[in-house]
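For reference, the structure discussed in these notes is given below.
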Amino acid sequence: MRDNGKESVRLCEHIVRQAFGDVICRVASTLLNRGRLPSSTISRLSALPKSTTQASLLILIQHDLVQTNGASYKDTGEEEQFEFDTLTCLMRLRWGRIMAITHQKYDDIALEIVRMLMIYGKLKIPDIISACAGSSDASRADAVNTTLIALVRAQFIRPTSPEMHILESDLVQRRYQAHRKEMSASKNTAMLSANDLDNCMKQAQHEIGEERADLQDIRRILIERPKIDKDKKKRKGKLNEEFDYDLKKDVHLRINYDRYGLLIRNELIVQAAEERWNKAAGTVMRAILEAALKDNSSMKEERTNDSIGVNEIVSHIPHKDYPLLSAGLAISSRATIPELVRNYLNILAGDDGAAGHFTFLRKDNGTNPGYIVEIEIICRKLRENILYQLVREQLGNKAARVLAVVSKSSKAFETTIRDCAMLPLMDARKHLANLQRLSLVETQEVPKTAAKSRMGLPPSAEYHLWAMDEARVYGVLLTNVYKALGNILQRRSTEIEKKKIVLARESRTEGHEGGRGLLQLKDQEDLLELDDIVKKFTLAEMRSELVVFILRDLPGSQSQKTG
């Protein structure tokens, strides 16, 4: 899978060890370091019995951490091989944020459902109801079922299938070979053109993508029945549900990380609008994003699919935020809410002339005038801000100015960087050397023989052009964040290990009145100190994971382009 660098492998090993223990971690580590392997080879390399290896693989598959080539399922005659899914493993670091979003939008029952799916990987409806409500509480079982329907309809959890455990690359390759044979037979030749082969590959990718999307479609599990309503004519003008919903009992459910990612992305965009203008601009931006969120929205979209009208935006702004809109603009207090919103939309779209080349919105002057959110442009700016903030912290503002000049030009001479960054040549060279040491810029030597002779330079002299490889730079940053996350997890587990004796004493007081108060004062102080340390490490972990989200998962990133 992608992202199998040294630091991401180390981070995944820490995650698996904390979640499943050392035995399963040995199997995962073997796959992470060796790549795709059959179970017999995994057993030999991990020095585990075959039965233990297969049980470990089964647990990892249940949690979507391992995928197969589908040899046995598709009956290809090949040997079954397994591969570790690094990206899904790293998504486990986002669980705290996912639970916070679930609790914010729903209730404790929804939080318990999501927690059960995190613990068990994937579950059928009866298993979820049994885990959350037990077998005797009928009223709570109904509440769990209702909440499940709400989560499925909102696409926070979605159906899955055994075919989703087969590597997509293997499915595409098999379909490509099938299309290639069909085309060779139809054209009566084995020598196909490059264009024909490319069409076969694109057709295979499209078909597999459509099939996998159908397997995860909520219509596989959601049952719609027309609602029988005797007072339907009386309430014709009101917005009412047209259907009663139920869920099929034989389909497994899992967490939809992509849907939660949309909400995290939208919140980052709102925060960016608040930092650039004010809180009222962030309120309008949140209303636009809520109006633009559709069932078919995805993390890969470069901009919102449909233009959003002013009236629709106003309908998504809470009444309690109306005073905030008028306070954020120097405008008459008699202005209506739609007029205030139009003023903010003009600012966000750059119609006030103060936005420069970077705007949050684009005005759509079609048959239905509205606004489109330029998601990829905003996300690129978020990544740039992280990069420049890092450079300012480590090297200072002057180095950030030098990097900005290099990034905005494909290749630049030292003299050009000196003039644009407004620095002496010696300082510019020093900052360029420091940036090169951090792998943020690179040089290219370009011999100019005629120019050398004109300037009286020796033939061995060469010009040096400076450039920034954006994909490589963000890849280096991402690797460094993975390293930091691995260190955080390792430090936290070490601190917990140091206090294991005190934690064992605390566990013996559970269920007794008084709790920690029954322990000695020294033990209580040690536990308070441990709580403070764990809290700090958890906060650092969540902040670092948010940086990973910006660098890796937002539109325009290298992983989105290759994904």
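The values are calculated or read from the model by the stated rules, or taken from the named source; none is laboratory data. The structure presented is a predicted model; accordingly, all values stated were derived computationally and were not measured. So basically every Cβ, Gly included, is an ideal-geometry build from the backbone, and we count neighbours across all protein chains shown. Just so you know, the surface numbers come from the protein's heavy atoms only, side chains and all, with ligands and any DNA or RNA stripped out. Shrake-Rupley method; radii C 1.70, N 1.55, O 1.52, S 1.80 Å.
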*Largest-first ellipsoid semi-axes for segment 34-97, taking √(5λ) over the Cα gyration tensor eigenvalues, angstrom*: 23, 15, 10
*Using a 10 Å cut-off on Cβ atoms, rank the peptides 531-537, 284-290, 145-151 from the highest mean neighbour count down.*
284-290, 145-151, 531-537
*Would you mind computing the Rg to Rh ratio of segment 1-154 from its alpha-carbon coordinates, Kirkwood style for Rh?*
1.05
*Could you sort Thr443, Thr53, Thr359 by accessible area so the largest value comes first, with the probe set to 1.4 Å?*
Thr443, Thr359, Thr53
_Counting only protein heavy atoms and a 1.4 Å probe, tell me what percentage of segment 60-160's accessible area is made up of carbon and sulfur._
47 percent
_Is there a quick way to get the dipole size of the chain? I mean about its Cα centre, with the Cβ of Lys and Arg at +1 and of Asp and Glu at -1; what is the value in debye to the nearest 20?_
760 debye
*Förster radius 25 Å - calculated FRET efficiency between Met201 and Trp95, Cβ distance, rounded to 0.05*: 0.10
*Using mean Cβ contacts within 10 Å as the protection proxy, how do 63-70, 183-190 order, highest first?*
63-70, 183-190
*Once label points are set 7 Å from the Cα along Cα→Cβ at both Asp22 and Lys381, what is their separation, rounded to one decimal in nm?*
5.2 nm
*Near Val23, within a Cβ-to-Cβ distance under 14 Å, what is the net charge of the other residues, with Lys and Arg +1 and Asp and Glu -1?*
+1
*So, counting K/R as plus one and D/E as minus one, what does the shell of residues with Cβ under 10 Å around Leu45 add up to?*
+3
*Show that you can apply the helix-only estimate: for the chain, add -39,500 (n - 2.57) for every DSSP H stretch of four or more residues, divide by all residues, and state [θ] at 222 nm to the nearest 500.*
-19000 deg cm²/dmol
*Which one of Met426, Thr443, Ser407 is farthest out on the positive end of the charge dipole of segment 374-452, using unit charges on Cβ (Lys, Arg +1; Asp, Glu -1) and the Cα centre as origin?*
Met426
*Accessible area (Å², per residue) of the chain, counting only protein heavy atoms and a probe of 1.4 Å*: 54 Å²
*Starting from the Cα-Cα distance between Ser409 and Ala504, subtract it from 0.36 nm times their residue separation and give me the gain in nm to one decimal.*
28.2 nm
*Calculated FRET efficiency for the pair Asp306/Ala138, C-beta based, R₀ 51 Å, to 0.05*: 0.75
*Using the beta-carbon distance between Ser298 and Thr41 and R0 = 35 Å, what value does 1/(1 + (r/R0)^6) give for FRET efficiency, to the nearest 0.05?*
0.45
*asked:* Under 10 °C and 1.306 mPa s, how fast does the chain diffuse according to Stokes-Einstein, given a Kirkwood radius computed over C-alpha pairs? Answer in µm²/s, whole number.
replied: 56 µm²/s
*Equivalent ellipsoid semi-axes for segment 250-390, as square roots of 5 times the alpha carbon gyration tensor eigenvalues: give them largest first, rounded to whole Å.*
26, 19, 15
